[in-house]
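Any read-out appearing in this document is the output of simple, stated calculations on the displayed coordinates, not a laboratory observation. For clarity, every value in this text was computed on a predicted model and none was experimentally measured. Every residue, glycine as well, gets a Cβ built from its backbone with ideal geometry; the counts of neighbours run over all protein chains shown.
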Amino acid sequence: MVIPVDLAFVGAKLHGMRSRVYEGPRLDALRSLHNVFDMIAAVSPTLDVTSRMRFEQHLVREHVSALGRVAVYLTGANADFFDWQLERYRLENLKVLLRGWKTRQAPAEVKSRLVELSTDYALPVDKILAATDIGDIARLVPVKPFAREISRRAAQFDDTKKLFAVEAGLDAVHLAELCRRAGSLAAGDRSEVSELLGFEVLMVDVLFAMRARLNYDLAAEEVREFLVTDVPPAPPGWEFAVMLEGKTFAEMLRAAPRAKMLVGPGPDVAGLEEFQQRLWERLYRLANRLFTRSSLHMGVVEAFYYIKRVELNNLIRVVELLRQEVPPAEMARRLIRLA
């Protein structure tokens with residue numbers, strides 16, 4: 001049952017929930033731990049797992065569960081928007097299933113890599129893994145926009161036997177639909193949500209364009225079809241024209257839409273991974289500012305969503321860096337800086 005409450009109440013709840021987010025001193029304390037098992041004991045003392053992968057899955061599950069506790073307070077267009085935002089976690093499971101199906105991995109092995117979600121975001125796992133072709137998978141997927149995109153890319157997959165276009169198309173469909181749902185929000189809610197969603201879409205577009213051109217050598221026209229553009233708050237497509245002709249990271253960065261705003265203050269970025277980290281840090285600062293000033297609109301919920309995304313990103317990075325026995329000082333450099 002959805003409980004209709006005002007966003008001022010939701011904001012108060014979120015401020016309470018934020019006190020338990022791993023940022024600031026709580027995040028810093030994890031860097032001094034000796035190994036992943038120390039981290040499990042510190043973060044989830046009642047959890048009984050013996051592998052890094054299981055712990056990372058637990059972190060994602062707890063992350064989605066926390067956001068689900070926010071969703072119960074939303075109604076109408078706000079609920080529709082936030083529900084679609086949470087569809088990204090079902091989408092991640094769907095991509096795991098597609099890869100497992102393509103390589104004919106044992107069902108038990110594929111299932112072990114799925115994140116356990118609520119029944120609201122379930123997939124027919126066994127049926128998908130037993131499908132004879134990708135068209136059958138499209139018919140099995142319960143989320144219509146995802147099903148249509150898989151069906152649309154089926155011939156391309158059959159020709160190449162690669163999932164690149166399917167996965168890139170699914171990611172674009174998710175973000176484009178999110179932009180459309182943002183357009184249905186009330187004016188005050190839409191304005192605040194667009195501050196962060198617009199930045200995320202631009203960030204995803206720019207990073208995808210760079211990877212597709214520099215790592216996969218895709219032509220500009222091939223990249224363009226996967227960019228989310230021309231659906232506010234997404235950027236207009238023409239802004240990418242010069243960038244997509246770039247042949248090096250430096251050329252593409254100089255020509256990226258709103259490059260100065262994306263990079264923000266600080267030294268020049270040397271490469272793609274450093275640029276990605278800088279973007280996440282910029283997104284966090286935008287979310288933090290909106291969280292502190294929004295109280296009567298959907299912006300406080302959207303800001304909390306991105307703050308939690310950054311938290312999860314950092315927690316999983318800490319797990320990986322502890323596994324690699326990276327010293328605390330170097331670990332701090334590799335985490336998304338929150339100050």
Quiz item: ³J(HN,Hα) across segment 277-285 via Karplus (A = 6.51, B = -1.76, C = 1.60, θ = phi - 60°), whole Hz, x for Gly/Pro?
Solution: 5, 4, 5, 4, 5, 5, 4, 4, 5
Self-check item: Residue-averaged [θ]222 nm for the chain, counting only DSSP H segments that reach four residues, each worth -39500 (n - 2.57)
Solution: -20500 deg cm²/dmol
Quiz item: Fewest first, what order do PHE81, PHE249 take by the number of other Cβ atoms within 10 Å?
Solution: PHE249, PHE81
Quiz item: For Cα Rg over 2.2 N^0.38 Å, the choices are (i) 1.55; (ii) 1.31; (iii) 1.01; which was calculated from the structure?
Solution: (iii)
Quiz prompt | Cα-based Lys pair tally, the chain, threshold under 28 Å, eight or more apart or on separate chains | solution = 27
Quiz prompt | Sorted by Cβ neighbour density within 10 Å, fewest at the top, the residues THR248, THR119 | solution = THR119, THR248
Exercise. Just name one of ALA130, ALA29, SER51: the one whose Cα is farthest towards the positive end of the charge dipole of segment 17-144 (beta-carbon charges, Lys/Arg +1, Asp/Glu -1).
Key: ALA130
Quiz item: What percentage of all Cα-Cα pairs in segment 40-146 are separated by more than 24 Å?
Solution: 34
Quiz prompt | Nearest-20 debye value, the chain charge dipole, Cβ charges on Lys, Arg, Asp, Glu | solution = 400
Quiz item: If you plug each phi of segment 161-174 into the Karplus form 6.51 cos²θ - 1.76 cosθ + 1.60 with θ = phi - 60°, what whole-Hz ³J(HN,Hα) values come out, in order, with x for Gly and Pro?
Solution: 6, 10, 8, 3, 5, 5, 5, 5, x, 4, 4, 5, 4, 4
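If I take every Cα pair under 8 Å that is 6 or more residues apart in segment 197-245, average their sequence separation and divide by the length, what percent do I get for the relative contact order?
On the way: 35 pairs, mean separation 20.5, N = 49.
Across segment 197-245, relative contact order equals 42 percent.
Which of VAL263, VAL242 has the fewest other C-beta atoms within 10 Å, and how do the rest follow up to the most? If you can, show how the numbers build up before the last one.
Working: VAL263 17, VAL242 14.
Least crowded to most crowded, the residues run VAL242, VAL263.
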